[in-house]
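K.L.:
Take a look at this one; I'll ask things after.
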Amino acid sequence: YCKVPINIKQAVLGSKIKIRTLTNQVELKIPPGTSSGKRFRLRGLGLSVNGVKGDQFVEVEVEVPKNLTSEQKELFGKFADSMELR
């Protein structure tokens, strides 16, 4: 099990991120609309027990920005307002 931070853009629009496994790095596709706490399974990339490879689980945590400029706050406000109309 591992937790990986992603930003709001990656969570909303989707992205590909690199994940470190026990043996190498793999690319994980983050689908659009991913919420914080979403878990993904990487089959066969976990610990080996009695010769059988287990799975690695990746939990994403969406990082929320803390210090926004006034322009960024205005843009987020406009975005939020546009979502309320739907």
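The values are calculated or read from the model by the stated rules, or taken from the named source; none is laboratory data. Nothing here was measured: the structure is a model prediction, and the numbers come from that model. Using ideal geometry, Cβ is built from the backbone for each residue, glycine included, and neighbour counts are taken over all protein chains shown. Heavy atoms of the whole protein, side chains included, go into the accessibility calculation; ligands, DNA and RNA do not. Shrake-Rupley method; radii C 1.70, N 1.55, O 1.52, S 1.80 Å.
K.L.:
Using the C-alpha atoms of the chain, what convex hull volume per residue, in cubic angstrom, is computed?
P.N.:
Working: hull volume 8.8 nm³, N = 86.
Per-residue hull volume (Cα only) is 102 Å³.
K.L.:
With N set to the number of residues, divide the alpha-carbon radius of gyration of the stretch 16-62 by 2.2 N^0.38 Å and report two decimals.
P.N.:
1.24
K.L.:
Mind checking the angle between helix 70-84 and the chain's longest principal axis? C-alpha axes, 0 to 90 degrees, to the nearest 10.
P.N.:
Value to nearest ten degrees: 80.
K.L.:
Suppose each label sits 7 Å from its Cα in the direction of the beta carbon; what would the THR23-VAL49 distance come out to in nanometres?
P.N.:
1.9
K.L.:
With the other protein chains left in place, how much accessible area per residue, in square angstrom, belongs to the chain at a 1.4 angstrom probe? Numbers along the way, then the final one.
P.N.:
On the way: 6760 Å² over 86 residues.
Roughly 79 Å² per residue, with all protein chains present.
K.L.:
Further question on the same structure: When ranked by the protection proxy of mean other Cβ atoms within 10 Å per residue, highest first, what sequence do the peptides 73-83, 33-43 form?
P.N.:
Top to bottom by mean Cβ count within 10 Å: 33-43, 73-83.
K.L.:
Shifting gears a bit: Measure off 7 Å from each Cα along the Cα-to-Cβ vector at VAL12 and PHE79, then give the distance between these two points in nanometres to one decimal.
P.N.:
About 0.2 nm, to one decimal.
K.L.:
Can you give the % of DSSP beta bridges in the chain that are antiparallel, to the nearest 5?
P.N.:
Of those bridges, close to 65 percent are antiparallel.
K.L.:
In whole percent, how big is the carbon plus sulfur part of the accessible area of the chain, probe 1.4 Å, protein atoms only?
P.N.:
C and S atoms contribute 53 percent here.
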